[in-house]
Each structure stands twice: as structure tokens, then as C-alpha cells.
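No value in this document is a laboratory result; all are computed from the given coordinates. Bear in mind the structure is a predicted one, so any value in this text is a computation, not a measurement. Every residue, glycine as well, gets a Cβ built from its backbone with ideal geometry; the counts of neighbours run over all protein chains shown.
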Amino acid sequence: MKLLLTRKYCLDRTIGKLSVNGKITMYILEKAHKLFNPFHHCIPEGIYKVVPEYAEDSGWSLSVMNDSTNETYEIKAIQGKKIPDGSSLVPVTFFKEKRKPMYSNLANIKLRDRVFLALDEGEEVELEIVSETFKPVLKSCLQKKECI
């Protein structure tokens, strides 16, 4: 199964559309691009392997792993209004007014179940992360806090 995450970068966060077989299934929330925050930023673009993980205290979850660098990042539901750590992808069902993420836990469960079903059928699950056109940043855009 191939997942495609198409991102749009904003000053305070990164918002993406997650597609399976060309159909948008949910949205993804991450920290801002490293251009805006060099210390806490979204994961790099590229192709990642989606792998299940088990922890005694939290149960089953998903992670994405870059085979060439062995870097691993979590896929997890958002807790409250906090934007996730730079090392995680947060599935959300939709965004309400003022870009407020909604139903993150539900989206996380749906994604986890879909990936586990594919893995049980012997499929390998990959996530490709790409951006919409990345435009040069103008000072006027930075002041207005627009997405680029």
C-alpha cells in the first residue's frame, strides 16, 4: 500500500493531505518547516516505511522509518491543542475554523487499522512525503502568517 502525504508549509505548522490510491483519506499536522523553526521542525520529505510498534503502556501504534538513515518518527494522536513534536505526524479528520484540528484520535485509529489490515495481508506499506510548490518566502507573507 502506498500512502502519499502532500504538504503545505505555514509559519507555525505544516498541514498535509494524506492520500491512499489517489483519494484523500485524512489530514496530517506537523511542526513548521525548518526554515521557520530550525530546532523543532517537521520530518524531511522522502519515502518512509510504515511499521507497527508495541509499547506495554500505550499498546499498538505506527511509526515511519527511513531505511537509508534509520531515522524513525511516530504517528500519533494530538493531545489537547498542543502542536506535535518535530518527530511525529498527527492524523486529523478535518480542520475547523482558525485551523483547529478535529478528531485526531479517530483519524489515528482509522489509519492504524487500515495499515494493520494491509500488513496482515502481506503488503508493504510506504509513505511518500512531498510538498506543494514551495514558494520563496516574502517578508510580507511572514508578517501575515500565511501558508506558503
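For segment 28-72, the set of residues classified as touching a residue at least 12 places away in the same chain (Cβ under 8 Å) and small (G, A, S) consists of A32, G46, S61, S63, listed by residue number.
Selection of segment 100-131 for residues being surrounded by 14 or more Cβ atoms within 10 Å (Cβ to Cβ), closer than 25 Å to E71 by Cβ and among the hydrophobic types (A, V, I, L, M, F, W, C) yields A107, L111, V115, F116, A118, L119, V125, L127, I129. Any residue in segment 1-27 that's closer than 15 Å to Y48 by Cβ: show its pairings with residues that are among the hydroxyl-bearing types (S, T, Y) and buried (at least 20 other Cβ atoms within 10 Å of the Cβ) at Cβ separation under 6 Å, as long as the two are six or more apart or on different chains. Listed pairs, sorted by first residue: R7/T14.
I'm trying to understand the selection: among the residues of segment 16-53, which are crowded, with 19+ Cβ neighbours inside 10 Å and part of a strand (DSSP E or B)? G16, L18, M26, Y27, I28, L29, E30, Y48, V50 - these are the residues of segment 16-53 that are crowded, with 19+ Cβ neighbours inside 10 Å and part of a strand (DSSP E or B).
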